[in-house]
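The next block holds one structure in the form of structure tokens; read it before the comments.
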Amino acid sequence: MNSTLPSGPAVRIEGLDKYYGSFHALRTINLSVERGERIVICGPSGSGKSTLIRCVNRLEQHDGGRITVLGTELNDDVGNIDGIRREVGMVFQHFNLFPHMTVLENCMIAPMIVRKRPRAEAETTARRFLEKVRIPEQAMKFPGQLSGGQQQRVAIARALCMQPQIMLFDEPTSALDPEMIAEVLDVMVTLASEGMTMICVTHEMGFARRVADRVIFMDGGEIVEEAPPEAFFTSSRNERTRQFLSQVLGH
Amino acid sequence: MEMVVVAPPAPGRLEDLKRRFFATPLQALLSLISLAIMAFIVWKLLNWAVFSAVFTVSGGPEACQAAAGACWSVIAARWRIILFGLYPFEEQWRSALACVAVVVMTVLSCMPAFWTGRRIALVWGTGTGLYYVLMKGGVLGLPYVGEEAWGGLALTLFIFVTTCLIGFPLAICLALLRRSDLPWISRTTGLIIDGVRSLPLISILFTFAVVLPFALPQWLQGDKLYRVILGSALFFSAYQAEIVRGGMQGVPAGQEEAAMALGMSYWQRIGRIVLPQAMRNALPATINQFVISFKETSLVVIVGFFEILASGNAAYGTGEWRFAYVEVYAFIAFIYFVFVFSLSRYGAYLERRMAVGER
Amino acid sequence: MVSLLRNQKVRNALLQVLYVGSLAAMILACVMIARRNLAEQGITSGFDFLYKSTGWDVNFSLLPATANDPYWWFFLIGIVNTLFLGGTGLILATIVGTIVGLARTSANELARLLGRTYVDIFRNIPLILQVFFWYALITHLPTPRAAHEAFGMLLTSRGLYVPIPNVGGIAFAAAILAVIAAIALPLWLGRTSRLSQPFGERLGIQLASAATALATAAVILALGRLPDVPMLDFPALQGLNLQGGLRIPPEFSALAIAIAIYGGSYIAEIVRGGFKAVGKGQMEAAQSVGLSPWRVFTLVRLPLALRAMLPILANQYVWLMKATTMGIAVGFTDFFMIVALTINHSGQTLEAIGILMGGFLAINLSLAAVFNRINKAIALKGNQLRG
């Protein structure tokens, strides 16, 4: 894994196919994400958007096409998979914090055992990122003692502690109460302003309008439309997109 | 249906009694019947075990046999055989100390402070090592005593502890193999686990003790004691593996995914994320399995080991104490009861505590 | 080569082949060594020995047995003995367990205490210790000369002697079947007719069917009666030994009592758990529509509790079946003891172990199949309640 790759896109997906049994979940997807680019993927449930980003760090195995992440192809080579996962952080809908470890330990474990950083260094990094997501005072608590919004911010800090080059967000606010959504989005906006490469599956259209470089609309396992936010929200000509937007923005 | 009713303010003693036991005619009848049964059993038992019993050795077996009650003299005369078997008489303090080591080890591993993989391994490693050195000797100026002379309670404890020590890691391996994504590995392991579970323990002990020597090359046969322990561990692990697997199924899939997304390897995911949570889920069932397998160590008597049951049989079976079998069995039953009851109470306590913690 | 090992698919295939292969190789090696060792002792492998006569005898058998019978017949005897002991133990344990379990869930505090004490004591003492205890107790009973007598039964150190009707074997078996029908018929009728018929009418049908079955049994016994002997054959002392009646050997009684008491303590807990699983709301609903306490119990509590108990009970029954192997500790010729004796006498180790495994697999699978069917039949339809 060469992390100081000169140029080329952060993620390149060519002709990607994915099946669940006989169900065709992703149909010949083509997508390229540049370094520092912020992509928002939206679409109705079951449209394949989560599956798509889960293919990028191989939580799902694709059946056809090519995925190249940071210049390395994602194939059956075990070394490539491990390398890519180290450089790609992920935030889940249900946080998936480790309940048997404190917040601090959640943030330290991966740098220590995957990146083999010494404990002291891992702790400094962890505290810095907890500061950044604005909950340094919760470091010694267990995830079960935190609110949903706080847990999701810890999850973001945990992913950042690996100092990834790309961040994947899989509906990070869908499981949160409305009043907690803002605190998580704030952290994501800050992250975006610092130039992180981000691929976000989300229905937060305000967030998309504010930070996205491109908005991608998926339906039925296909990319239906792909446009800069301004054009996407105002002048979409696709019937399915307009219908979806009216449902999401309508009320 | 539970009868927990909040008591009205300060009822009289008598009224309270009446409400609790004689609320309706049917209740009253039930209470009286229960009371009669209890009174009868308690009186008979006390009379036999205490009031009419003989406690001293001085009168000898004859005086004892003539008594109407229990003859505890047999225990006074033969307790060393029951507890230590044929272990050399002057060295029996070592056997006693070894039992204490095992008990201390068990108590320690019931404390949450020791519930990390490393600490529990350390406690059990030290405890078993201490037991082995004390029993076998040959070092530190302790005279050598071979396994064939071990017996009684000490041997029972040894078989139990080594069964767990080998069986537990084996159970985790089996559970992981059965949960594998690779179909042939999980299927084959499933076949092994289900196969062992469908057989009675005695048949496995018998196979390992008697049949295996035919089927193994000379250099692999080892001592009969260790072969039987291996068989018992295999049986334990087949049951424990299913408990561990159940615990793993209780860990949400998102946990492993999060660990994968952080780049952890298979062993890191299992060791740091899945197993610690799975073991916590499986704790009550695990303790229950320990209780069962402690009771089942008694089965080795069938393949000819001089553990506590066999030594009990020997204690009354020879010569003048032939009539005192009830007392000997009661004594052994009491020893088992103390171990098993406290362990299962502890398990029930943990289960309650965990149920509260989940809320 | 190195890059090939890093390939996930290659790795997976290799792992599977290695795992299954090494296991198969180990088993194969063991079998080969065993065959060679046995051949050196002049034992030819194969199942031909099944047709040779054993040359030894069994102490308990429901089927006729002599030392001239072939091995396959002895294996059959063993299985029948195991099933008989297991069946007896299972029925007794269920009766004990139901009584104690009901006591444990009773509204009466003293009854609960009594039940709890029972469970705490007998659950925490190993079964084999209890078997030894009862065996010692029975074999220490007086000799036949000084036997305890009760209701025509004789308690002696040689076993329990009970009166037996003087009838032919076939008639006896048919009568037993009829008695079983007398118990099973009303239950079955109660199930199939459900609540569609009025309660009184159902009870009538049930009683009538039970009476018919019992009458059939009596007629069969009367017809099958052996000529010129009294209807009941009482055991009696003749010389130094007892004649007549049916002798239940100490080995069998000790095992059956121990299994009933120990198994009963486990079943009591299952019964209690089953009743606890019935929601309070269900019972309150039944009371609120004006059912009497008895009918709340029989129509609501019991059926729901039974459904909750059954899967666990099935496991417990399988366990009890396996517990019959403790017969070898006191010399009861169950299936396992026959296998052990076969290995001792004939040396056909591998074959005997194979038969042992096959036998228990068959017993377990058929028990599981029976319980699955019962479970399916009584499972609540849909998913509105715990099933």
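Laboratory data are not the source of any read-out in this text; all were calculated from the coordinates shown. Remember, predicted model here, so these are calculated numbers, not experimental data. Counting neighbours? That spans all protein chains shown, and the Cβs are built from the backbone with ideal geometry, glycine included.
Numbers for the structure displayed
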{"quantity": "B:V133-B:F334 FRET efficiency (beta carbon distance; Förster radius 30 Å; 0.05 resolution)", "calculated": "0.55"}
{"quantity": "Amide H contacts under 5 Å for A:V11, placed H, 5+ residues apart", "calculated": "A:V33, A:L70"}
{"quantity": "Between the range C:1-62 and the range C:279-356, the alpha-carbon center distance in angstrom", "calculated": "32 Å"}
{"quantity": "Other-chain or far-sequence residues with amide H under 5 Å of A:V224's (modelled H)", "calculated": "A:F217, A:M218, A:D219"}
{"quantity": "Semi-axis lengths, Å, chain C, gyration tensor of Cα atoms, sqrt of 5 times eigenvalues", "calculated": "41, 37, 22"}
{"quantity": "Subset of A:K141/C:K276; A:K141/C:K280; C:K280/C:K376 violating a 29 Å alpha-carbon distance limit", "calculated": "A:K141/C:K276; A:K141/C:K280"}
{"quantity": "Local electrostatic count, B:P112, Cβ distance below 15 Å [Lys/Arg +1, Asp/Glu -1]", "calculated": "+4"}
{"quantity": "Pairs beyond 26 Å (Cα-Cα), from A:K18/A:K116; B:K44/C:K322; B:K136/B:K224; B:K224/C:K322", "calculated": "A:K18/A:K116; B:K44/C:K322"}
{"quantity": "Residue order, fewest to most surrounding Cβ atoms within 10 angstrom, among C:V318, A:V88", "calculated": "C:V318, A:V88"}
{"quantity": "Cysteines without a disulfide-compatible partner [chain B; Cβ-Cβ under 4.7 Å]", "calculated": "B:C99, B:C110, B:C164, B:C173"}
{"quantity": "Exposure proxy ranking, count of Cβ atoms within 10 Å, fewest first, for B:R187, A:R127, C:R145", "calculated": "C:R145, B:R187, A:R127"}
{"quantity": "Most fluctuating residue given options C:I259, C:I138, C:I374, as computed from a GNM of chain C linking Cα atoms under 10 Å", "calculated": "C:I374"}
{"quantity": "Charge dipole magnitude, Cβ of K and R +1, D and E -1 - the protein assembly as shown, Cα centre, debye nearest 20", "calculated": "1080 debye"}
{"quantity": "The protein assembly as shown, helix-only ellipticity at 222 nm - DSSP H runs n ≥ 4, -39,500 (n - 2.57), divided by all residues, nearest 500", "calculated": "-20000 deg cm²/dmol"}
{"quantity": "³J(HN,Hα) computed for each position of the range B:301-310 - Karplus, 6.51 cos²θ - 1.76 cosθ + 1.60, integer Hz, glycine/proline x", "calculated": "4, 5, 8, x, 9, 8, 7, 4, 5, 5"}
{"quantity": "Relative contact order %, chain B, counting alpha carbon pairs below 8 Å whose residues are six or more apart", "calculated": "18 percent"}
{"quantity": "Cut-off under 5 Å, modelled amide H: who pairs with A:D77 long-range", "calculated": "C:Q8"}
{"quantity": "Top of B:F208, B:F290, B:F334 by mean-square fluctuation, Gaussian network on chain B, Cα under 10 Å", "calculated": "B:F334"}
{"quantity": "Inter-part distance where the range A:214-251 and the range C:90-150 are each reduced to a Cα centre, Å", "calculated": "75 Å"}
{"quantity": "Exposure proxy order (Cβ contacts within 10 Å, fewest to most) of C:M357, A:M108", "calculated": "C:M357, A:M108"}
{"quantity": "Hull shadow area, averaged, the protein assembly as shown [alpha-carbon convex hull, nm²]", "calculated": "55.3 nm²"}
{"quantity": "In Hz, Karplus ³J(HN,Hα) per residue of the range B:227-236 (6.51, -1.76, 1.60; θ = phi - 60°; x = Gly, Pro)", "calculated": "5, 5, 4, 4, x, 5, 5, 4, 4, 4"}
{"quantity": "Rounded Å value of the spacing that divides the Cα centres of the range B:88-119 and the range A:25-55", "calculated": "58 Å"}
{"quantity": "Dipole axis of chain A (+1 Lys, Arg; -1 Asp, Glu on Cβ), positive-most option in A:V33, A:T241, A:N80", "calculated": "A:N80"}
{"quantity": "Positive-end extreme of charge dipole, the protein assembly as shown - chosen from A:G195, A:I166, C:T139 (charges on Cβ)", "calculated": "A:G195"}
{"quantity": "Whole-Hz couplings from phi, Karplus 6.51/-1.76/1.60, listed for the range B:206-217; x for Gly and Pro", "calculated": "4, 4, 5, 7, 9, 8, 4, x, 5, 9, 10, x"}
{"quantity": "Mean Cα-pair separation over length for chain C, i.e. relative contact order, pairs under 8 Å, 6 or more apart, %", "calculated": "23 percent"}
{"quantity": "Selection of GluC sites (Glu not before Pro), the range A:131-201, meeting DSSP coil and at most 12 other Cβ within 10 Å", "calculated": "A:E194"}
{"quantity": "Size of chain A as Cα extents on the principal axes (Å, biggest first)", "calculated": "53, 45, 36"}
{"quantity": "Cβ-defined net charge surrounding C:I328, 11 Å radius [Lys, Arg +1; Asp, Glu -1]", "calculated": "-2"}
{"quantity": "Summed residue charge, Cβ within 12 Å of A:P164's Cβ, Lys/Arg positive, Asp/Glu negative", "calculated": "+3"}
